[in-house]
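The values are calculated or read from the model by the stated rules, or taken from the named source; none is laboratory data. All of these numbers come straight from a predicted model, not from anything done at the bench. Methodologically, a virtual Cβ is constructed for each residue, glycine included, from the backbone with ideal geometry; neighbour enumeration extends over all protein chains shown. Calculation scope for accessible area: heavy atoms of the full protein, side chains included, ligands and nucleic acids excluded. Shrake-Rupley method; radii C 1.70, N 1.55, O 1.52, S 1.80 Å.
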Amino acid sequence: QPPEPLGGRAAPDPTGLIDVGVAVGGVAVHVVDDLAADAVSMFSLYADQLACALILAGETDPRVSSPLQQTLSLTVGAVQLDRQVKTASKDFDVVLQAPDADTLAMDDAISVKIVRRVDGALAVVKDFEISVAPAVVQVEDTFILLAIEVAKSFMKVLPPESAISSAPSAGTLAVPAPYVQHLVVEPLYLQSLKISPVRLLASIHASVKVFVSVDSAPITLDAVHLHEIYCSPPARLAHSLAQQYLYELIYRAGWIVGSLGILGNPTGFARSIHAGLRDLVGLPQAGWRRGGLGFVTGIGTGASSLLRHVSQGALVSVVDLTNSIGRNAERLSMDPDYMALCDELRQAPSEHLSSGLASGMQVLGISLLGAVAGIVDSSIQSLVRQERITPQRFLLDVGKGMLGVVAKPIGGAMGLLSRTGQGLLGTTGLKHPPSKREAMPAPLASHECARKIAAAISAISTKRSVRTVCMRVADVSPVSGAAHVLIASPSLYVLDETATAVLLTVLLADIETATCDQSVLRIVLRTLPVGQSVAEQPTGGEVIISSPSEDLSVLRAFLFWNISL
């Protein structure tokens, strides 16, 4: 502590603060399916221009007791979620894009600001502000089902907390009960919570039974301003916000219903006309301030904007209506092969008028051929596939063929109009859908072993919902050299270093003891391992695994949990 100057203590420096900032140009997260032949990326999440700043402001003189204010700011310039996997029923390549194309580039997609005041042992969050830029959301039911399957695949390799905590050597991995209770019952107190309005352009496609589409439905959720918030447990705040947003969605359900493709998307057509009329009135007013020439220029520009918006709205309405009628007509034909072929043809890009017209003509031709041949094919298939032919079954198949004679040409004609309209929108530049970014390059050769191990897990394991673990170890006895140890109930497998062959199989039910001593895991068996003889193991059934102690602790935890199943 420096001595006080003569004449009394000096005044505190009010400018003392600590400012720390971190900036990242971009982050990309890829979810890759290693079981696929080419191991392509399934989902890709991109975050650009990330910035994080921490500001500590307060009294710099240690002899003065004053509160300390901590300010944490986090901003993300742009966020985009792409669906990279190629399937026959994919309608959208971009799931989320924020900010949208109409938002200024200077606006951040996500901005979070937290102001915390610390006064001795008391810490209070003064302000919590969240700002979200307008975004484009495009979701379909196939994407949701695929995301659920990916989440289930990750859950299969995560052991439950009870399993890890029940293992004798893994007690330190579990969170002690007092801390768990503290996290659950700790109340949440905020002096101020501010959430900016959320503006979305949502496109939703569902095709489980019938095809239902919502195209560019405007959804606006009002801003949230709350003061003096005290809730316990903290999850109640999230539940209350979710209820508030749900009520607002129900209140604005008319905008969503008006954006249905089967109705011709009247909401989108009305928005286009509104935007054109706004330019027709606003641009001449803005030009009048620059004189007579600016007024005349504004009239011409406003008229051209009105014509462009009306043309765009009319074309989008026709495309949405014909697309919905055509895809429902395909389902009405009740021909799975025809539906799969139409879905495959629909994946061809229609960015230009020529490509859209060619794709539409192809769909129309296949529909006409399918309608003519369908009635004959359904009758022949009924005679070939059915072991016991009944008049009712035969008439039912013939009825399906007759239904296809009517439904398939309708679907083909609607597909021609829809594909041609999409190509015309792309050629004239009236509609710019979000574009997908480049997919992740092919994985390195070192991932080949991981794919083989994943294939071995799915081929060896007899329980589909079992939690498995596979780890490379330095040495396994009686198998000498490096190997991979795979625990997949009901057995423990030792794979070779390239994961191409199973060298040793140990039934988990035959394990008597498993002790861990530093970097050695010794497993004593009641019987010899499968594939081993007394000559190969003169000392009896025993497996010794050598590896770092951290890896062995995880293996032992999984081992004890699988034995307890």
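Numbers for the structure displayed
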read-out	value
Only listed residue being under 30 Å from L193 (Cβ atoms), assigned to a helix (DSSP H, G or I) and in contact (Cβ under 8 Å) with a residue 12 or more places away in the chain, chosen from L241, L307	L241
Where a residue in segment 60-84 is more than 30 Å from H30 (Cα to Cα) and among the hydrophobic types (A, V, I, L, M, F, W, C) and its partner, wherever it lies, is at pLDDT below 85 and not in a strand (DSSP E or B), with Cβ under 6 Å and at least six apart	V64/P12; L68/G58
Search result, residues across segment 347-362 that are in contact with a helix residue (DSSP H, G or I) (Cβ under 6 Å, 6 or more places away or on another chain), more than 14 Å from V319 (Cβ to Cβ) and aliphatic (A, V, I, L, M)	A348
Boolean, L528 is assigned to a loop (DSSP other than H, G, I, E, B) and either closer than 30 Å to E149 by Cα or modelled with pLDDT under 70 (or both)	yes
From L277, L263, L246, residue being open to solvent by 60 Å² or more (accessible area, probe 1.4 Å) and within 25 Å of the chain's Cα centre (by Cα)	L246
Residue in segment 93-100 that is polar (S, T, N, Q), modelled with pLDDT of 85 or more and open to solvent by 20 Å² or more (accessible area, probe 1.4 Å) present	yes
Qualifying residues in segment 249-258 (those that are assigned to a helix (DSSP H, G or I) and of a type outside the set (A, V, I, L, M, F, W, C)) - the one surrounded by the most Cβ atoms within 10 Å (Cβ to Cβ)	G258
Any chance S354 is closer than 17 Å to Q422 by Cα and either part of a helix (DSSP H, G or I) or open to solvent by less than 20 Å² (accessible area, probe 1.4 Å) (or both)	yes
From the options S333, S378, residue that is over 20 Å from T142 (Cβ atoms) and touching an Asp or Glu at 6+ places or on another chain (Cβ under 6 Å)	S378
Flag if V479 is part of a loop (DSSP other than H, G, I, E, B), modelled with pLDDT under 75 and at negative phi	no
Scope segment 399-434; condition at pLDDT below 85 and open to solvent by 80 Å² or more (accessible area, probe 1.4 Å); matching residues	M402, H432, P433
Residue in segment 213-229 that is assigned to a loop (DSSP other than H, G, I, E, B) and either at pLDDT below 90 or open to solvent by less than 40 Å² (accessible area, probe 1.4 Å) (or both) present	no
Test: L315 is in a helix (DSSP H, G or I), open to solvent by 30 Å² or more (accessible area, probe 1.4 Å) and closer than 30 Å to L280 by Cα	yes
